[in-house]
Amino acid sequence: VKPTVGWTALVAALAVAPYLAGAWTDLLTELLIWALFALSLDLMFGYATLYNFGHAAFFGAGAYLAALTVHHGVGGFWSGLLAGVLGSCVVGLCVGLFAARSAGVVFIILTAMLSYVLFTLAHVLTGVTGGENGIYLFKPLVLWGDVTTAAGSTYYWLVLAVTASALALARRVIRSPFGHVVVAIRENEGRTQAMGYNTTAFKVRITLLSAALAGLAGALNAFMNKFISPEALGLTLSTQVVIWVLVGGMGTLAGPMMGAIALVVVTDALNRFMGGYVIVIGALLIVTVIFLPGGILGLLRSAGQRLRL
Amino acid sequence: MDAVLIAALNGLVIGLTLALVASGLALIFGVMDIVNFAHGDLYMLGGYFAWLGVTFSGSFAIGLLTAVVGMAVVGTIALSATLGPLLARHPLHTALATLGLGMILRESALRIFGGDAKVVNTPFDAGVLIFGLGYPLYRLAVIAIGVMLIGTVWLYLRRGRYGLWIRAVAQDRDMASALGVNLPAVYAIVFAAGSAMAGVGGALLAPITNVYHTVGLEMLLPAFVVVVAGGMGNLQGAAIVSVVLGEIESLGSLLIKPTAARTLSFVLLIVLLLVRRRGVGR
């Protein structure tokens with residue numbers, strides 16, 4: 001079976017899901033948004049060795065800009081989405097500067113600091129962001145004609161289309177000549193530089209793509225929840241998405257998306273039935289790092305190879 | 001003027017405790033290339049150990065001792081168990097494993113000690129008159145103990161036998177090992193010393209901030225920032241930046257909200273790190 005056939009079947013299955021899911025459709029929408037968010041981090045984390053520990057800065061910037069645009073009546077759904085993506089790209093330029101000027105642990109700490117600083121700013125600048133209380137978007141937004149965001153399954157299809165296109169785009173980019181250079185930087189940056197590539201420019205561009213997709217996820221999330229608060233920018237979410245990417249399998253695009261979906265479901269179930277999830281996720285993280293550096297997808301792939309033999 | 005002096009002293013209390021915690025972090029990073037995301041939680045456990053010691057004995061000195069010994073033992077066991085299988089791996093892997101360890105320690109503390117903040121009584125309530133203003137004697141003691149401990153660690157690294165070995169391993173692990181330095185012993189000592197330094201920091205601040213299971217998270221990022229800005233793994237640089245950060249936060253709080261003051265100091269440090277990439281220590 002060619003991967004493309006598998007993907008088409010998966011998207012088709014997901015497209016009819018709302019008819020079966022009923023009231024659970026909103027949960028599916030949320031899972032797809034988290035998957036998109038994890039995908040965007042994998043571009044930096046798994047392909048460019050840019051260990052971004054403040055990825056929520058993009059997500060939150062997108063969410064706030066989108067929410068503010070609608071809240072102040074500057075625009076509707078689509079202009080809000082655009083504002084969100086542009087806003088996260090501005091933060092992306094800042095992280096691109098970090099990528100140009102630092103690497104390794106310093107980059108980790110710089111990105112974490114940025115996430116913390118934006119989180120605190122959202123707390124402190126109550127006049128703009130509403131502070132701790134956040135921003136509520138009471139009215140449903142018009143998507144097209146007389147269809148609004150209040151229609152759960154329409155919004156689900158929209159998010160599905162966006163997420164599937166983002167995955168297709170990311171795969172295309174990684175397989176393009178541009179992507180090959182990014183992977184070459186991951187494998188040996190010095191040698192790639194010696195071959196005449198301006199590695200900094202490639203790192204900045206992949207950071208911007210990652211920021212744009214994360215901001216899109218943030219904006220979609222804000223419109224779904226009709227609410228945004230500083231947590232969307234903070235270190236808790238930043239760490240969570242790192243864990244999703246790692247457990248799913250970094251550098252595989254589809255793996256982190258699966259990781260996000262699996263861990264959100266598991267976390268939710270543990271919360272409901274065991275009254276806490278932190279120990280289990282912590283232990284899962286350690287076990288994954290020690291025994292399965294390839295993550296869930298790495299495990300599935302090696303199992304698949306063994307079955308074929 | 002008095003308010004400025006009091007704020008400056010408070011800044012010294014924050015800065016020196018941060019320097020202690022960050023020195024432990026810098027030691028573990030400098031010697032083993034491990035980014036210890038569980039360090040804030042070791043700091044938190046130090047506070048709980050101090051609370052246990054003080055509650056059962058009534059003496060703060062015993063509480064402090066409990067924190068040092070308890071954290072040296074618990075920290076070494078926790079870090080070796082998690083990181084033992086990962087020593088030859090990429091630093092990202094050890095960093096992520098300590099992230100998991102921190103989650104486990106934090107949640108365990110919540111389950112064992114409960115969600116309410118534990119109050120550790122100040123060992124002496126007396127105040128000292130400085131320019132006619134009362135200042136708690138305990139805070140001055142924290143400043144003195146902080147300076148003493150950092151000085152001791154620094155001297156031991158310069159003059160002690162294991163200090164020499166630790167510096168040798170930090171410089172060139174393979175060469176040190178080939179020349180007969182006992183690597184596992186050095187690693188165990190670094191884990192023990194690093195955890196004890198986090199623990200003693202948690203114990204010293206416990207009477208000021210109280211102890212709760214997420215108290216370490218507020219310490220983790222500043223400690224990392226200080227280590228990075230001080231020049232990765234450089235103890236002196238980390239100590240200097242800690243005190244500067246503590247003073248900016250404390251003096252800044254006279255004019256703006258404390259969280260805003262911390263954010264401001266972070267923004268300044270981000271700019272500093274982008275301009276001067278190797279930090280201020282070198």
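Here is how the numbers come out for the structure above:
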| item | result |
| --- | --- |
| Unmet criterion (only one of (1) closer than 28 Å to B:Ala144 by Cβ; (2) more than 11 Å from chain A (Cβ to nearest Cβ); (3) not hydroxyl-bearing (Ser, Thr, Tyr)) for B:Leu220 | (2) |
| Every residue from the range B:112-144 that is closer than 25 Å to B:Val243 by Cα and in contact (Cβ under 8 Å) with a residue 60 or more places away in the chain | B:Val120, B:Thr122, B:Pro123, B:Ile130, B:Phe131, B:Leu133, B:Tyr135, B:Tyr138, B:Arg139, B:Leu140, B:Val142, B:Ile143 |
| Which listed residue, of A:Val85, A:Val70, A:Val91, A:Val128, is more than 9 Å from every other protein chain (Cβ to nearest Cβ), touching a residue at least 24 places away in the same chain (Cβ under 8 Å), assigned to a helix (DSSP H, G or I) and surrounded by fewer than 22 Cβ atoms within 10 Å (Cβ to Cβ) | A:Val128 |
| Some residue of the range A:252-260 being at pLDDT 90 or above and not in a helix (DSSP H, G or I) | yes |
| Qualifying residue in the range B:153-174 (condition: under 26 Å from B:Asn10 (Cβ atoms), surrounded by 14 or more Cβ atoms within 10 Å (Cβ to Cβ), touching a residue at least 40 places away in the same chain (Cβ under 8 Å) and more than 14 Å from chain A (Cβ to nearest Cβ)) | yes |
| Residue list for the range B:132-160, filter: closer than 17 Å to B:Ala238 by Cα and among the β-branched types (Val, Ile, Thr) | B:Ile143, B:Val147, B:Ile150, B:Thr152, B:Val153 |
| Residue satisfying all of: in the range A:250-289; among the polar types (S, T, N, Q) and more than 9 Å from chain B (Cβ to nearest Cβ); surrounded by the fewest Cβ atoms within 10 Å (Cβ to Cβ) among these | A:Asn271 |
| Residues satisfying the stated conditions in the range A:291-309, i.e. at the interface with chain B (Cβ under 10 Å from one of its Cβ atoms) and either modelled with pLDDT of 90 or more or loosely packed, with under 15 Cβ neighbours inside 10 Å (or both) | A:Phe291 |
| Among (1) modelled with pLDDT under 85; (2) crowded, with 18+ Cβ neighbours inside 10 Å; (3) of a type in the set (S, T, N, Q); (4) closer than 30 Å to B:Phe224 by Cβ, the one test that A:Thr149 misses | (4) |
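The values are calculated or read from the model by the stated rules, or taken from the named source; none is laboratory data. Owing to the predicted nature of the structure, the values given are computational and were not obtained by experimental measurement. Every residue, glycine as well, gets a Cβ built from its backbone with ideal geometry; the counts of neighbours run over all protein chains shown.
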